[in-house]
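Quick notes on the structure that follows.
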Amino acid sequence: MKLFRTTQGFFVETDGTAYKIEAENWDELLNSTELMERAAAATSGSAVMLDASTILAPVTSQEVWASGVTYYRSRDARMEESKAAGGGDFYDRVYVAERPELFFKSAGWRSVGPGDDVRIRTDATWSIPEPELVLVANARGEQIGLTIGNDMSSRDIEGENPLYLPQAKVYNGSCAIGPCILLTAGAPLDRSMKILLEIIRGGHDVVTGSTTLAELKREPAELLEYLFRELSFPFGALLFTGTGIVPPNEFTLQPGDVVRISIDGIGTLENTVSA
Ligand code: DO4
Ligand code: MG
(Lines give C-alpha, C1' and ligand atoms only; values in the text may rest on other atoms or scores of the structure.)
(Ligands and ions follow the chains in the order given, each with its own letter.)
Protein backbone atom coordinates (compact mmCIF):
# COMPACT_ATOMS: atom_id res chain seq x y z
CA MET A 1 0.00 0.00 0.00
CA LYS A 2 1.14 3.50 -0.84
CA LEU A 3 0.30 6.63 1.12
CA PHE A 4 0.00 9.99 -0.65
CA ARG A 5 -0.17 13.54 0.73
CA THR A 6 -1.92 15.87 -1.71
CA THR A 7 -3.56 19.28 -1.84
CA GLN A 8 -6.90 17.35 -1.73
CA GLY A 9 -6.08 15.38 1.44
CA PHE A 10 -4.49 11.99 2.07
CA PHE A 11 -4.91 8.86 -0.05
CA VAL A 12 -4.03 5.18 0.08
CA GLU A 13 -3.31 3.40 -3.19
CA THR A 14 -3.33 -0.33 -3.69
CA ASP A 15 -3.13 -2.21 -7.02
CA GLY A 16 -3.39 1.14 -8.81
CA THR A 17 -6.66 2.18 -7.13
CA ALA A 18 -6.77 5.14 -4.75
CA TYR A 19 -8.97 5.71 -1.69
CA LYS A 20 -9.27 8.67 0.67
CA ILE A 21 -7.93 8.18 4.18
CA GLU A 22 -9.12 10.49 6.95
CA ALA A 23 -6.65 11.95 9.43
CA GLU A 24 -6.33 15.05 11.60
CA ASN A 25 -3.14 15.91 9.74
CA TRP A 26 -0.06 14.22 8.23
CA ASP A 27 1.86 14.12 11.54
CA GLU A 28 -1.02 12.38 13.27
CA LEU A 29 -1.36 9.84 10.45
CA LEU A 30 2.33 8.94 10.24
CA ASN A 31 2.57 8.52 14.00
CA SER A 32 -0.65 6.57 14.51
CA THR A 33 -0.11 3.19 16.20
CA GLU A 34 -2.89 1.92 13.90
CA LEU A 35 -1.49 3.27 10.64
CA MET A 36 -1.57 -0.07 8.78
CA GLU A 37 -5.08 -0.93 10.01
CA ARG A 38 -6.37 2.52 9.06
CA ALA A 39 -4.79 2.27 5.62
CA ALA A 40 -6.29 -1.17 5.06
CA ALA A 41 -9.74 0.02 6.27
CA ALA A 42 -9.61 2.98 3.87
CA THR A 43 -9.51 0.58 0.91
CA SER A 44 -13.06 -0.52 1.63
CA GLY A 45 -14.27 3.01 0.77
CA SER A 46 -15.06 4.34 -2.70
CA ALA A 47 -12.30 4.42 -5.29
CA VAL A 48 -11.22 7.94 -6.30
CA MET A 49 -9.06 9.46 -9.04
CA LEU A 50 -5.69 10.64 -7.77
CA ASP A 51 -4.59 13.72 -9.70
CA ALA A 52 -0.79 13.57 -10.03
CA SER A 53 -0.54 17.37 -10.15
CA THR A 54 -1.89 17.60 -6.57
CA ILE A 55 0.78 15.37 -4.99
CA LEU A 56 2.94 17.01 -2.30
CA ALA A 57 6.18 15.90 -0.63
CA PRO A 58 5.26 13.21 1.96
CA VAL A 59 6.71 15.25 4.82
CA THR A 60 5.53 18.12 7.01
CA SER A 61 6.95 18.49 10.57
CA GLN A 62 9.43 15.62 10.19
CA GLU A 63 13.15 16.40 10.04
CA VAL A 64 15.02 15.01 7.06
CA TRP A 65 18.43 13.42 7.69
CA ALA A 66 20.83 11.61 5.38
CA SER A 67 23.39 8.83 5.52
CA GLY A 68 26.56 9.08 3.47
CA VAL A 69 29.16 6.77 1.94
CA THR A 70 26.93 3.71 2.22
CA TYR A 71 27.76 2.48 -1.30
CA TYR A 72 31.22 1.73 -2.69
CA ARG A 73 30.56 4.09 -5.61
CA SER A 74 29.95 7.00 -3.25
CA ARG A 75 33.11 6.22 -1.25
CA ASP A 76 35.13 6.23 -4.47
CA ALA A 77 33.66 9.49 -5.80
CA ARG A 78 34.20 11.37 -2.51
CA MET A 79 37.77 10.13 -2.16
CA GLU A 80 38.52 11.38 -5.63
CA GLU A 81 36.84 14.79 -5.32
CA SER A 82 38.58 15.58 -2.00
CA LYS A 83 42.05 14.21 -2.91
CA ALA A 84 43.61 17.65 -3.29
CA ALA A 85 42.17 18.73 0.07
CA GLY A 86 43.55 15.62 1.80
CA GLY A 87 40.07 14.51 2.84
CA GLY A 88 39.94 11.18 0.99
CA ASP A 89 40.96 9.08 3.96
CA PHE A 90 37.87 10.09 5.96
CA TYR A 91 35.54 8.60 3.35
CA ASP A 92 37.49 5.37 3.19
CA ARG A 93 37.34 5.05 6.97
CA VAL A 94 33.65 5.86 7.37
CA TYR A 95 32.71 3.30 4.71
CA VAL A 96 34.02 0.48 6.93
CA ALA A 97 33.45 2.05 10.36
CA GLU A 98 30.78 0.76 12.72
CA ARG A 99 29.32 4.28 13.13
CA PRO A 100 27.68 5.54 9.92
CA GLU A 101 27.94 9.07 8.57
CA LEU A 102 24.65 10.87 9.33
CA PHE A 103 23.97 14.51 8.54
CA PHE A 104 21.04 16.90 8.70
CA LYS A 105 19.57 17.43 5.23
CA SER A 106 16.41 19.50 5.48
CA ALA A 107 13.50 20.70 7.54
CA GLY A 108 10.32 19.01 6.32
CA TRP A 109 8.81 22.34 5.26
CA ARG A 110 11.88 23.17 3.17
CA SER A 111 11.74 19.92 1.17
CA VAL A 112 10.17 20.01 -2.28
CA GLY A 113 7.84 17.43 -3.82
CA PRO A 114 7.23 15.81 -7.20
CA GLY A 115 7.09 18.33 -10.05
CA ASP A 116 8.67 21.10 -7.99
CA ASP A 117 11.98 22.70 -8.93
CA VAL A 118 15.24 21.62 -7.35
CA ARG A 119 18.14 24.08 -7.37
CA ILE A 120 21.85 24.29 -7.95
CA ARG A 121 23.77 26.78 -5.80
CA THR A 122 24.75 29.95 -7.62
CA ASP A 123 28.24 29.74 -6.02
CA ALA A 124 28.80 26.09 -7.07
CA THR A 125 30.49 24.90 -10.28
CA TRP A 126 29.90 21.14 -10.00
CA SER A 127 26.38 20.07 -9.07
CA ILE A 128 24.76 16.64 -9.20
CA PRO A 129 21.61 14.87 -8.03
CA GLU A 130 21.92 11.90 -5.68
CA PRO A 131 19.09 9.36 -6.15
CA GLU A 132 18.40 7.68 -2.83
CA LEU A 133 16.04 5.32 -1.06
CA VAL A 134 14.57 7.14 1.95
CA LEU A 135 13.42 5.46 5.18
CA VAL A 136 10.35 6.91 6.89
CA ALA A 137 10.23 6.45 10.67
CA ASN A 138 7.60 7.44 13.22
CA ALA A 139 8.29 9.17 16.53
CA ARG A 140 8.94 5.76 18.13
CA GLY A 141 11.82 5.15 15.72
CA GLU A 142 9.91 2.40 13.89
CA GLN A 143 10.34 2.22 10.13
CA ILE A 144 6.87 2.66 8.63
CA GLY A 145 7.78 2.95 4.99
CA LEU A 146 10.02 3.93 2.12
CA THR A 147 10.10 6.81 -0.30
CA ILE A 148 12.41 8.36 -2.91
CA GLY A 149 14.76 11.29 -2.38
CA ASN A 150 17.07 13.50 -4.40
CA ASP A 151 20.01 14.66 -2.26
CA MET A 152 21.14 17.56 -4.49
CA SER A 153 24.85 18.15 -3.87
CA SER A 154 27.60 20.63 -4.79
CA ARG A 155 30.63 18.42 -5.34
CA ASP A 156 33.14 21.25 -5.74
CA ILE A 157 32.20 22.73 -2.34
CA GLU A 158 32.18 19.34 -0.58
CA GLY A 159 35.48 18.39 -2.30
CA GLU A 160 37.24 21.60 -1.32
CA ASN A 161 36.93 20.74 2.36
CA PRO A 162 34.76 18.07 4.07
CA LEU A 163 33.88 20.69 6.70
CA TYR A 164 31.88 22.47 3.98
CA LEU A 165 29.49 19.51 3.76
CA PRO A 166 26.47 21.39 5.20
CA GLN A 167 26.84 24.13 2.58
CA ALA A 168 27.23 21.56 -0.20
CA LYS A 169 24.11 19.71 0.94
CA VAL A 170 21.71 22.13 2.62
CA TYR A 171 20.35 25.07 0.63
CA ASN A 172 17.01 26.10 -0.87
CA GLY A 173 15.76 23.47 -3.32
CA SER A 174 18.39 20.88 -2.36
CA CYS A 175 16.02 18.21 -1.03
CA ALA A 176 13.28 16.60 -3.12
CA ILE A 177 11.10 13.79 -1.77
CA GLY A 178 8.18 11.74 -3.09
CA PRO A 179 5.89 10.78 -4.65
CA CYS A 180 4.46 8.58 -1.85
CA ILE A 181 5.33 6.40 1.11
CA LEU A 182 5.35 2.68 0.38
CA LEU A 183 4.08 1.25 3.67
CA THR A 184 6.36 -1.60 4.69
CA ALA A 185 4.83 -2.74 8.01
CA GLY A 186 8.22 -3.90 9.29
CA ALA A 187 8.97 -6.11 6.26
CA PRO A 188 12.71 -6.55 5.55
CA LEU A 189 14.20 -4.55 2.70
CA ASP A 190 13.95 -6.26 -0.67
CA ARG A 191 17.58 -6.02 -1.75
CA SER A 192 16.71 -6.71 -5.37
CA MET A 193 14.92 -3.34 -5.65
CA LYS A 194 16.42 -1.23 -8.43
CA ILE A 195 17.14 2.52 -8.32
CA LEU A 196 17.25 4.24 -11.69
CA LEU A 197 18.51 7.76 -12.42
CA GLU A 198 17.87 9.66 -15.65
CA ILE A 199 18.99 13.21 -16.32
CA ILE A 200 17.25 14.70 -19.33
CA ARG A 201 18.51 17.78 -21.19
CA GLY A 202 16.67 19.20 -24.21
CA GLY A 203 14.52 16.07 -24.37
CA HIS A 204 17.47 13.63 -24.39
CA ASP A 205 18.98 11.44 -21.69
CA VAL A 206 22.42 12.87 -20.88
CA VAL A 207 23.07 10.65 -17.85
CA THR A 208 21.53 7.31 -16.94
CA GLY A 209 22.57 5.03 -14.14
CA SER A 210 21.19 2.29 -11.98
CA THR A 211 21.98 0.27 -8.91
CA THR A 212 20.17 -2.14 -6.62
CA LEU A 213 19.75 -2.18 -2.89
CA ALA A 214 22.08 -5.18 -2.80
CA GLU A 215 24.90 -2.57 -3.07
CA LEU A 216 23.75 -0.71 0.06
CA LYS A 217 26.32 -1.59 2.75
CA ARG A 218 24.22 -0.80 5.82
CA GLU A 219 20.96 -2.19 7.20
CA PRO A 220 18.03 0.27 7.44
CA ALA A 221 17.51 -0.71 11.09
CA GLU A 222 21.15 0.07 11.86
CA LEU A 223 20.89 3.54 10.27
CA LEU A 224 17.68 4.35 12.13
CA GLU A 225 19.09 3.06 15.41
CA TYR A 226 22.03 5.46 15.14
CA LEU A 227 19.77 8.37 14.17
CA PHE A 228 17.39 7.85 17.11
CA ARG A 229 20.13 6.86 19.62
CA GLU A 230 20.56 10.27 21.24
CA LEU A 231 18.00 12.38 19.40
CA SER A 232 14.23 12.41 19.65
CA PHE A 233 11.88 13.17 16.77
CA PRO A 234 8.41 14.01 18.13
CA PHE A 235 6.90 13.93 14.62
CA GLY A 236 9.10 11.18 13.18
CA ALA A 237 11.97 11.52 10.72
CA LEU A 238 12.98 10.70 7.16
CA LEU A 239 16.42 9.25 6.53
CA PHE A 240 18.12 9.19 3.12
CA THR A 241 20.21 6.01 2.78
CA GLY A 242 22.99 7.33 0.52
CA THR A 243 23.71 7.22 -3.17
CA GLY A 244 25.03 4.36 -5.26
CA ILE A 245 24.88 6.31 -8.53
CA VAL A 246 27.25 9.19 -9.24
CA PRO A 247 27.29 10.87 -12.69
CA PRO A 248 30.65 10.98 -14.55
CA ASN A 249 33.11 13.58 -13.23
CA GLU A 250 32.79 15.83 -16.29
CA PHE A 251 29.04 16.19 -15.74
CA THR A 252 27.40 19.09 -13.94
CA LEU A 253 23.70 19.95 -13.79
CA GLN A 254 22.34 22.97 -15.64
CA PRO A 255 19.09 24.94 -15.24
CA GLY A 256 16.37 23.23 -17.28
CA ASP A 257 17.69 19.70 -16.71
CA VAL A 258 15.06 17.19 -15.61
CA VAL A 259 16.06 14.71 -12.91
CA ARG A 260 14.01 11.53 -12.85
CA ILE A 261 14.52 8.92 -10.13
CA SER A 262 12.58 5.65 -10.08
CA ILE A 263 12.62 2.92 -7.47
CA ASP A 264 10.87 -0.42 -7.97
CA GLY A 265 7.62 -0.64 -6.05
CA ILE A 266 7.61 3.02 -4.98
CA GLY A 267 7.35 5.08 -8.17
CA THR A 268 9.10 8.00 -9.84
CA LEU A 269 10.23 11.34 -8.47
CA GLU A 270 10.75 13.97 -11.17
CA ASN A 271 12.02 17.51 -10.71
CA THR A 272 13.36 20.24 -12.98
CA VAL A 273 16.54 22.10 -12.09
CA SER A 274 16.31 25.86 -11.70
CA ALA A 275 19.13 28.28 -10.93
O1 DO4 B 1 30.00 12.44 2.78
C2 DO4 B 1 29.39 13.08 1.99
C3 DO4 B 1 28.02 12.87 1.55
C4 DO4 B 1 27.73 11.48 1.14
C5 DO4 B 1 26.37 11.29 0.55
O6 DO4 B 1 25.51 12.15 0.51
C7 DO4 B 1 26.07 9.98 -0.04
O8 DO4 B 1 26.90 9.06 0.00
O9 DO4 B 1 24.96 9.82 -0.55
MG1 MG C 1 23.67 11.53 -0.58
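The values are calculated or read from the model by the stated rules, or taken from the named source; none is laboratory data. Just so it is clear, the model here is predicted, and its values are computed rather than measured. FYI the Cβ positions are ideal-geometry reconstructions off the backbone, even for glycines, and counts take in every protein chain you see. We work out accessible area using only protein heavy atoms, side chains counted, and drop any ligands, DNA or RNA first. Shrake-Rupley method; radii C 1.70, N 1.55, O 1.52, S 1.80 Å.
General observations
- With the simple spin-label model, which puts each label point 7 Å out from Cα in the Cβ direction, the R73 to A187 separation comes to 2.4 nm.
- For the chain, the per residue solvent-accessible surface stands at 43 Å², with DNA, RNA and ligands left out and a 1.4 Å probe.
- Angle in degrees between helix 220-229 and the longest Cα principal axis of the chain, rounded to the nearest 10: 90
- Looking at the stretch 186-251, the trypsin sites (Lys or Arg not before Pro) that sit in a DSSP loop and have at most 14 other Cβ atoms within 10 Å of their own Cβ are R191.
- GNM result for the chain, Cα springs below 10 Å: residue of G203, G186, G265 fluctuating most strongly: G203
- Rounded Å value of the spacing that divides the Cα centres of the stretch 117-163 and the stretch 208-275: 6
- Note on D89/Q167: beta-carbon distance plugged into 1/(1 + (r/R0)^6) with R0 of 35 Å gives a FRET efficiency of 0.95.
- The stretch 55-75 and the stretch 19-37 have their alpha-carbon centroids 22 Å apart.
- The share of accessible area on the chain that comes from carbon and sulfur is 51 percent, using a 1.4 angstrom probe.
- The accessible area of E98, taken with all protein chains in place and a 1.4 Å probe, comes to roughly 150 Å².
- Helix 72-81 axis, angle to the chain major axis (alpha carbon atoms, nearest 10°): 40
- For the chain, the Cβ-based charge dipole about the Cα centre amounts to some 120 debye (Lys, Arg positive; Asp, Glu negative; other atoms uncharged).
- Positive dipole terminus of the chain, leading residue within I266, G242, T122 (C-beta point charges): T122
- Among 150-156, 134-140, the order from most to least packed when residues are scored by Cβ within 10 Å on average: 150-156, 134-140
- For the stretch 42-85, size of Cβ-based charge dipole, Lys and Arg +1, Asp and Glu -1, in debye: 200
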